[in-house]
Amino acid sequence: MKVMCLGGGPAGLYFAISMKLRDPSHEVVVLERNRSNDTFGWGVVLSDDALERMKKNDPKSTETIRGHFAYWDDIAVVHKGQRVVSGGHGFAGLGRKQMLIDLQERARELGVEMRFQTEFRSAEEYRKEYDLVVACDGINSLVRKEYAEIFKPDIDMRLCKFIWLGTHQKFDDAFTFLFEKTEHGWVWAHVYQFDADTATFIVECLPHTWDAWGFADMSKEETVATCQRIFAKHLGGHELMSNAAHLRGSAAWMNFPRVICERWYHGNVVLMGDAAATGHFSIGSGSRLAFDSAIALADYLHSEPTMEKAFERYQAERRVEVLRLQSAARNSLEWFENVERYLDLDPLQFVYSLLTRSQRISHENLRLRDKDWLEGAERWFQLASGVSENAPLRRPMFQPFALRGMTVKNRIVVSPMAQYKAADGCPTDWHFAHYAERAKGGAGLVYTEMTCVSPEGRITPGCPGLYDARHEAEWKRIVDFVHRETTAKICCQLGHSGAKGSTQLGWEEGDAPLASGNWPVMSASDVPWSDRNQAPKAMTRTDMDMVRDQFVASARMAERAGFDMLELHMAHGYLLSSFITPLTNRRTDEYGGSLENRMRYPLEVFHAVRATWPKDKPISVRISANDWVGEEGITPHEAVAIAAMLKEAGVDICDVSAGQTSKKARPVYGRMFQTPFADQIRNEAHMATMAVGNIYESDHVNSILMAGRADLVCLARPHLANPYWTLHAAGALGDHEEEWPAPYYPGRDQMWRLAERGDAVLGKV
C-alpha cells in the first residue's frame, strides 16, 4: 500500500511507524512543511495508561521516549499564598521536540520516507497518486477545510486567552497550577517539567483581564516580559521564554478551538489527530488521542476486509473515545472559563474543585490517589458543617445542614416524584407507604411530590392536593409517622399546574390531554403546552389573587399537618414558572416583559406564603435554570439573577432543576447534567442550592458537595428503585454511623459483615 501522511507531528509519524510495523512492504511517505527540528510547543504530557498502549504497539519507540520523560506524582496548587499538594496522579512529560526526534528516528529506521520543508498540494491530488492519504495536518487542517462540506467540522472557539511559554525554573516535583490576582484581574499558569532543564509554562486568563492588561497592543517580547513580572515570585529569577518565532505581537496568544467532525473520511482520505478532533490542554489528551487513533487505524486497515470498512470502524469506535475525552475536556476548560466563581472558596475546597473539574476523578478515586489529603479535606468539610472536632470522620454526604431552625442529619434529599395515586386530591395508603419507606431509608430530607393548591391546579386526576380537610388529615398521618419513627425531615412541595394541567397519568401519555373530563386551565398567557393541549386562560388580576390565596391556604394546612419545610414549585412550565419564562409569558402589563416584571407575581406568592409560614421553618423554591432554547428562553446566566431575587426575598435555598418549560427544548443530557446550574447559582448568587438531575452514585454526591457545587443533593430514580439508598450507600462505604430503624438491625449487621468480607476478598482490608 502506498501511504501519504500529510503532517509530520505525533499523529503522522506514529501512524507511519504503526503501518510499517504491521507490514514493512508498505510505502509510507510523511510530508512536513517545517524543518525536522522545528517545533512550536514546549512539553507534552502522557499518562501511564497511554504509555502502556504505546508499549504494546511498539515497545522500542516507547522505551526510547520513556527514557526522556520527566515523571511526577503530585499536583500542586498555589493560590492566595498557600501551596496545596495532592499526590498519586501518575503523569509523565517530555519535550515535544525530543518526542518528534525520537519518532523521526524510529520512522527512519523502519523505512518511512520523510520530506521536510515541503508545502502540501491539495489532498485531491495526492489521493490519485496514493492508496491512502492521512490528514495529520493539525488544528488548522487544510485538508479538513478542503473537504469541509463532507467532513462538516464543528469548531467552537473557547473563551480564555492563553500563551505557550517555557522556563528554566525547576517545577520537577509536581504539576503546578499558579493563580495570581493582578491589578487587572486573575491570571493563572499550567506548569510542568518536561526535561532536566525546562518546564512548560502556559499562561491563561479571561478576555476581560487580557483586555485590561492591553496584551492586544503588546509585542511578543512585551507580553513575555509582562507574564514574567506577574509570576516573578514563582520563577526564582529565571526568565519566561517563547519559541514561536513565526508569530508576532498578540498572535502569540490563542483561543482554544474545540474541533469535532461529523465525518472523518472521504474516499481514501482520512482525518487523524487534531485535524479530526481536539482535546483541551488542561487534561493533556491531545497526544494521547493522536497515538491511540494511529494505533487503531493501523489495526483496522489490517483486520477489516476493505479500506471502507476500516474507515467505518475507525470513525465509529474512535469517535466514542474522542467524545468521552472531549466531554471531560469541556468540563475542564469550562471550569477555567468560570474560575473566578471559585477563587473565594477555602483553599482546600478550591483544590478539590480543580482536581475533580473534568469528572474523570471522583471522590473515592481521590482517596486511592492520596488518602491523607482527601481525609484532610473531608475533615475541613465536617468542621465547616458544625460537627465536633472529636467526632468520627465521615463523608460529606453524611454531614448535617441547617436551614433556619431545621437541621437535616445528612445532605441526601428524596426528590419530589409524582406517584399519580391520589383519589380526588387525597393521599392514599400508597403515599403513606411510599413516603414512610423513604423516610426510614436514611435520607435527611424527604420531599412530597408536587401537592396542588386547588382541584384545577392538579396536573392529573391522580395528583395529590392540600386544599381540603381530608387532604390535611392524610398528610398529617404521613408526617406524624415520619417524625415518630424516623429522623428524617419532610418538605411539602406546593404548586399549581397552570397550562400543563388536566393531563393523563404519567404512565399513560405524559402531558397529553385527558380523553374525557378535562377541566379548564389558566396560565400567565394563553400559550398552550402543545398543539394538542387546550389554550389556557390568561390570568386576570382576580385569578392571580385567587391562586395566591390558595397557596397561602395550602401553606397553613401544611403547617397544621406538621411539615418541616415548604417548597414553592416555580419550574417545569407550571403556573408560577409560566410567569418567569418568556416562552410562555406574553403579557404586556406589569407582569410581563422584563425579568423583574416576570418575577413580580411569583415573588408576590412567595411573600404571601412566607408571611403565614412559621419564621423558624425554611422555604425553598424550585426553578428551571435553563429552558434549553438558547437566548429565546431562560439561560443559566439569567437564572443567577432569578436566584438573587429569590434570595433577597427571603428564600432559604434554591432547588435547581432545568427545562420542561417548552416543547422546543433541546436539553443536553449526561450524568449530573444539571449540577452546573446549581454550581453557578451557589457561587455567583451566593445562595444555598440543591442539585438534581441524573445523580445516582455516592461518588456523585460527595464530589458535588466537597467541590462546593451545591449544599444538598437530590436523587429521584435511585430512590424509586431503592428506598434505602442512603443506608445502603453508607454500608458500602464502611460508614457505620448512619442510624437504622431498630427492627432492621439484624439486616444492617448482615450487610456490614458481607461488605467487610467483600472488601477482604478484594484486598481492601
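The values are calculated or read from the model by the stated rules, or taken from the named source; none is laboratory data. Keep in mind that what you see is a predicted model, and the values were worked out from it rather than measured. Every residue, glycine as well, gets a Cβ built from its backbone with ideal geometry; the counts of neighbours run over all protein chains shown.
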Extreme residue, modelled with the lowest pLDDT, among residues of the range 102-138 that are in a loop (DSSP other than H, G, I, E, B) and buried (at least 17 other Cβ atoms within 10 Å of the Cβ): Phe120
Test: Gly562 is under 25 Å from Thr689 (Cα atoms), surrounded by fewer than 24 Cβ atoms within 10 Å (Cβ to Cβ), modelled with pLDDT of 95 or more and in contact with a helix residue (DSSP H, G or I) (Cβ under 8 Å, 6 or more places away or on another chain): yes
Ala92 vs. criteria farther than 30 Å from Asn268 by Cα and buried (at least 20 other Cβ atoms within 10 Å of the Cβ): yes
Single match in Gly659, Gly758, Gly734 (criterion: over 15 Å from Ile412 (Cα atoms), at pLDDT 95 or above and over 15 Å from the mean Cα position of the chain (by Cα)): Gly659
Exclusive hit being closer than 30 Å to Gly457 by Cβ, of a type outside the set (Asp, Glu) and in contact (Cβ under 8 Å) with a residue 12 or more places away in the chain, set Pro392, Pro416: Pro416
Residues located in the range 292-303, provided they are surrounded by fewer than 24 Cβ atoms within 10 Å (Cβ to Cβ) and either basic (Lys, Arg) or farther than 20 Å from Arg360 by Cα (or both): Ile295, Ala296, Asp299, Tyr300, His302, Ser303
Test: residue in the range 727-750 that is assigned to a helix (DSSP H, G or I), farther than 30 Å from Leu333 by Cβ and in contact with a His (Cβ under 9 Å, 6 or more places away or on another chain): yes
Flag for Tyr696 being assigned to a loop (DSSP other than H, G, I, E, B), of a type in the set (Ser, Thr, Tyr) and surrounded by 14 or more Cβ atoms within 10 Å (Cβ to Cβ): yes
Any hit, the range 561-570, residues being closer than 19 Å to Glu474 by Cα, touching a residue at least 40 places away in the same chain (Cβ under 8 Å) and either of a type in the set (S, T, N, Q) or not assigned by TED's automatic domain parsing to the domain that holds Ile642 (or both): no
Near pairs, Cβ below 6 angstrom, 6+ apart or cross-chain, from the range 434-463 (in contact (Cβ under 8 Å) with a residue 40 or more places away in the chain and over 30 Å from Pro520 (Cβ atoms)) to any residue that is of a type in the set (Lys, Arg) and part of a helix (DSSP H, G or I): Val446/Arg438
Hits in the range 355-374 - residues which are in a helix (DSSP H, G or I) and out of contact with any helix residue (DSSP H, G or I) (no Cβ under 7 Å at 6 or more places or on another chain): Asn365, Leu368, Arg369, Lys371, Asp372, Trp373
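Here's the yes/no breakdown for (1) modelled with pLDDT of 95 or more; (2) closer than 29 Å to His26 by Cα; (3) outside the structural domain of Ile150 (by TED's automatic domain parsing); (4) among the hydroxyl-bearing types (Ser, Thr, Tyr):
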{"residue": "Ser219", "(1), (2), (3), (4)": "no, no, no, yes"}
{"residue": "Ala225", "(1), (2), (3), (4)": "yes, no, no, no"}
{"residue": "Ile230", "(1), (2), (3), (4)": "yes, no, no, no"}
{"residue": "Ala276", "(1), (2), (3), (4)": "no, yes, no, no"}
{"residue": "Gly279", "(1), (2), (3), (4)": "no, no, no, no"}
{"residue": "Ala294", "(1), (2), (3), (4)": "yes, yes, no, no"}
{"residue": "Leu301", "(1), (2), (3), (4)": "yes, yes, no, no"}
{"residue": "Phe311", "(1), (2), (3), (4)": "yes, yes, no, no"}
